[in-house]
Amino acid sequence: MAEETPISSRVAELLLEAQAIKLSPDKPFQWSSGWLSPIYCDNRVALSFPDTRTFIKKALADLIRSEYPDVDAVVGVATGGIAQGALVADVLELPFAYVRPEPKKHGMGNQIEGRLEKGQSVIIVEDLISTGGSSLKVVDALRNAGIEVAGMVAIFTYGFELAENNFEEKEVKLSVLSNYDALINAAVELEYVTQEQVESLSAWRVQPDQWGK
């Protein structure tokens, strides 16, 4: 179980209140991977709420100051991490760039948008970590360009074992504001879910690919 802190609890509450995270154990969502899921997370919704947006950007900035104090720039993951990353870079007064899933098929053919120099150390900002696959492609693109990746920060993680293994394999440090355990505790406290639904949510987190089948 992930450690719960005042920050992780508050971020979970804010995401639930903004409906950036929706819980629906009885009518699950279907992810693009085909997995059935009792939870749907779109942290871009949080950008529409100034107080929530401000809390998250300051919390991410504080996390970077604490865990990655010597980075030269902030890099957002397209598309969910672009706005969050730009907000954080502004707070930290650091350069900002973002990375596309793949190079553009026209124009300059860029995958990395913005000005980064070889040898610079960067922190990657992501809004959500599920399996980590798409986020870690950004790491590959940056490393291939000669950029040093100090680590990655994210607003929320589901805490899948698969994601943890993927980050370990790539040797990338991951730091997050909130997590699945904090979310469930907040959902119970705010009476978003019943205890019976909590059991279903917990079962999904253990075997997401088999849940609901």
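The values are calculated or read from the model by the stated rules, or taken from the named source; none is laboratory data. Only a predicted model underlies this, so the values are computations on that prediction, with no experimental measurement involved. In this analysis, Cβ positions are derived from the backbone assuming ideal geometry, glycine residues included, and neighbour counts consider all displayed protein chains. The accessibility values were calculated without ligands, DNA or RNA, using every heavy atom of the protein model including side chains. Shrake-Rupley method; radii C 1.70, N 1.55, O 1.52, S 1.80 Å.
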Query raised in the report: For region 55-76, does any single residue satisfy the condition of being open to solvent by less than 70 Å² (accessible area, probe 1.4 Å), over 22 Å from ALA20 (Cβ atoms) and either assigned to a helix (DSSP H, G or I) or of a type in the set (Phe, Trp, Tyr) (or both)?
Result: yes
Report summary line: Filtering region 115-130 for residues that are in contact with a Phe, Trp or Tyr (Cβ under 6 Å, 6 or more places away or on another chain) and either of a type in the set (Gly, Ala, Ser) or modelled with pLDDT under 95 (or both) leaves a count of 1
Query raised in the report: Given the conditions (1) closer than 16 Å to VAL176 by Cα; (2) surrounded by fewer than 16 Cβ atoms within 10 Å (Cβ to Cβ), which single one is not true for GLN30?
Result: (1)
Report summary line: Residues of region 190-204 being open to solvent by 60 Å² or more (accessible area, probe 1.4 Å) and in contact (Cβ under 8 Å) with a residue 12 or more places away in the chain, in sequence order, are LEU190, TYR192
Report task. Taking ALA145 as meeting all but one of (1) touching a strand residue (DSSP E or B) at 6+ places or on another chain (Cβ under 9 Å); (2) under 23 Å from ASP42 (Cβ atoms), write down the number of the exception. Result -> (2)
Query raised in the report: Is there any pair with a first residue in region 60-88 that is farther than 25 Å from ASP42 by Cα and a second that is of a type in the set (Gly, Ala, Ser) and open to solvent by less than 10 Å² (accessible area, probe 1.4 Å) whose Cβ atoms are under 6 Å apart and which are 6 or more apart or on different chains, and what are they?
Result: TYR68/GLY151
**Report entry** Where VAL149 falls short, out of the listed (1) open to solvent by 60 Å² or more (accessible area, probe 1.4 Å); (2) over 27 Å from SER37 (Cα atoms)
**Finding:** (1)
